[in-house]
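A short write-up of the structure that comes next.
The values are calculated or read from the model by the stated rules, or taken from the named source; none is laboratory data. Quantities reported herein were computed from a predicted structural model and do not represent experimental measurements. Cβ placement follows ideal geometry from the backbone for every residue including glycine, while neighbour counts extend to all protein chains displayed. Accessible surface is based on the protein model in full, side chains and every heavy atom, while ligands, DNA and RNA are left aside. Shrake-Rupley method; radii C 1.70, N 1.55, O 1.52, S 1.80 Å.
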Amino acid sequence: MIYMIVIVLAGVCWIKPGPVYSEPSLSVSAEHAVLMDAESGRVLFEKDSYTPSLIASTTKILTAIIAIESGKMDEKVVVSDRAIRTEGSSIYLTEGEKIPLKDLVYGLMLRSGNDSAVAIAEHVGGSLEGFTYLMNEKAAWLGMESSNFENPHGLDGENHVSSAYDLALLMAYSMKNDTFREVTGSSSYKSENRTYSWQNKNKLLTMLYDHTTGGKTGFTKRAGRTLVSSAEKDGMELVAVTLNAPSDWNDHERMYEWGFDNFETYRLQEEGYREAHGQLYYFPKDIIFPLRESEKKNITASFEPNKTDPSYEGVRTYHLNNERVAESFVLDKRPSQPWFTSSLSFLKRMAGVGPWST
């Protein structure tokens with residue numbers, strides 16, 4: 001039922017990534033990279049972004065959003081021996097310590113605590129293994145087709161992988177959650193269990209790039225430097241991901257500046273009533289899409305009436321250079337309450353978590 005509600009709220013429009021640009025003037029040090037518009041999911045730039053790769057602590061974005069969505073943020077977590085013995089970066093939890101899940105999420109995202117990741121997993125998932133199952137279920141629901149998770153922290157595993165594109169999908173989704181935005185966008189946080197504050201390791205946010213809204217760093221010897229970040233300027237929010245990037249801070253700044261300089265948000269559809277052929281229709285959501293100036297004249301729209309389901313009138317489809325980039329339900333009137341439909345498969349396609357036939 002929870003997933004159904006999410007699909008209904010998010011699924012009144014579906015947007016497909018539009019044409020991708022491999023810009024000769026834009027180079028990055030990363031082995032894998034992607035720049036995505038957070039609202040629409042359009043990929044603006046990519047470099048081998050669909051290949052499964054080691055991702056290190058960027059894994060913790062998924063751990064954090066699952067913890068936040070669990071509804072347990074105010075609960076106290078009893079830290080286990082297994083958690084404190086986790087190798088790698090740490091927030092120095094002690095066995096038996098009782099600490100709010102909220103504090104653990106801050107310690108996870110700001111200080112990259114592997115001990116915090118295990119404590120979260122055991123509390124939310126019942127066990128490390130149970131939480132890993134939740135991670136893979138969530139990843140599959142989000143359409144992260146090149147991902148497989150074996151742990152909540154990102155230490156190298158035999159098959160613990162994701163792709164730059166999948167991580168961008170995850171970050172764009174997570175940034176729509178207000179609590180996640182607050183956590184990842186914080187420069188510091190002080191737990192009542194500590195006498196000092198945790199400082200955010202994301203230098204893009206704290207030092208380097210004023211438009212940064214969040215992100216997560218990562219590093220292992222095998223994965224190299226990994227970084228997921230988000231930035232907003234003039235009403236456009238972009239997500240950047242680099243994997244195995246010796247110069248990741250510069251890569252992200254360069255991608256953001258290129259994206260903000262070359263694209264602007266364009267309103268394909270405005271929520272409200274529209275008249276067509278003497279009949280009044282209701283469009284249930286704004287659709288915002290990033291376009292180059294030269295692309296605006298190439299956007300077209302078409303309408304397909306619905307003759308089988310009385311809950312909606314049809315579907316409006318938007319094309320860029322004859323490629324379908326967005327679709328929206330069309331209703332006969334504004335819903336008086338949250339709008340449900342019997343067609344779950346259609347809703348899932350609209351939300352981008354179900355297949356479209358070709």
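I'd like the carbon and sulfur percentage of the solvent accessible area for region 25-152, probe radius 1.4 Å, heavy atoms only, ligands and nucleic acids excluded. Heavy-atom surface of region 25-152 belonging to carbon and sulfur, 1.4 Å probe: 46 percent. Can you give the angle from 0 to 90° between the axis of helix 164-174 and the longest principal axis of the chain, with both taken from C-alpha atoms, to the nearest 10? Value to nearest ten degrees: 80.
At q = 0.20, 0.23, 0.24 Å⁻¹, what log₁₀ I(q)/I(0) does region 214-261 have when each alpha carbon counts as one equal point scatterer in the Debye sum? Debye output, listed in q order: -0.62, -0.77, -0.82.
In sequence order, region 270-287 has phi-based couplings of 10, 4, x, 8, 9, 9, 8, 6, x, 10, 9, 10, 10, 9, x, 7, 5, 10 Hz under the Karplus curve 6.51 cos²θ - 1.76 cosθ + 1.60, θ = phi - 60°, and Gly or Pro positions carry x.
Rounded to the nearest Hz, the phi-derived 3J(HN,Hα) couplings of region 143-150 under the Karplus curve 6.51 cos²θ - 1.76 cosθ + 1.60 (θ = phi - 60°) are x, 7, 6, 9, 10, 8, 10, 10, where x marks glycine and proline. Once you have the Kirkwood Rh of the chain from its Cα pairs, apply Stokes-Einstein at 4 °C and 1.567 mPa s and quote D in µm²/s. In µm²/s, the coefficient rounds to 61. Too long at a 19 Å Cα-Cα cut-off: which of LYS76/LYS216; LYS60/LYS138; LYS98/LYS216; LYS60/LYS102; LYS47/LYS296? Too far apart for the 19 Å limit: LYS76/LYS216; LYS98/LYS216; LYS47/LYS296.
For THR308, THR59, give me the order by solvent-accessible area with a 1.4 Å probe, most accessible first, ignoring ligands, DNA and RNA. Present the calculation step by step, with values, prior to reporting the outcome.
Values: THR308 125, THR59 0 Å².
Per-residue accessible area, sorted high to low, gives THR308, THR59.
All distinct Cα pairs of region 196-310 go into the 1/r average, and the inverse of that average, the Kirkwood radius, is 17.6 Å. Computed with a 1.4 Å probe on the full set of protein chains, the accessible area for HIS319 sits at about 50 Å². Under a model in which nothing but the beta-carbon of Lys, Arg (+1) and Asp, Glu (-1) is charged, the chain shows a dipole of about 240 debye around its Cα centre.
Each principal axis of the Cα atoms in region 96-207 has its own extent, and those three values, largest first, are 41, 35, 25 angstrom.
Annotation: amide H-H contacts under 5 Å for ASN193 (H modelled 1.01 Å from N, sequence separation of 5 or more, or interchain): none. Helix content alone sets the calculated 222 nm mean residue ellipticity of the chain: runs of n ≥ 4 DSSP H residues at -39500 (n - 2.57) each, divided across all residues, give -8500 deg cm²/dmol. Computed from Cα atoms, the angle from the helix 128-142 axis to the main principal axis of the chain rounds to 20 degrees. Averaging 1/r across all pairs of distinct Cα atoms in region 245-310 and inverting the result yields a Kirkwood radius of 15.4 Å. Think of a 1.4 Å ball rolled over the protein heavy atoms: the chain then has 45 Å² of accessible area per residue.
In order along region 25-38, the Karplus-derived 3J(HN,Hα) couplings, from 6.51 cos²θ - 1.76 cosθ + 1.60 at θ = phi - 60°, round to 7, 10, 10, 9, 6, 5, 5, 9, 8, 7, 10, 10, 6, 5 Hz, and Gly and Pro are given as x. In the complete set of protein chains, residue-level accessible area for ARG194 is approximately 30 Å², probe 1.4 angstrom.
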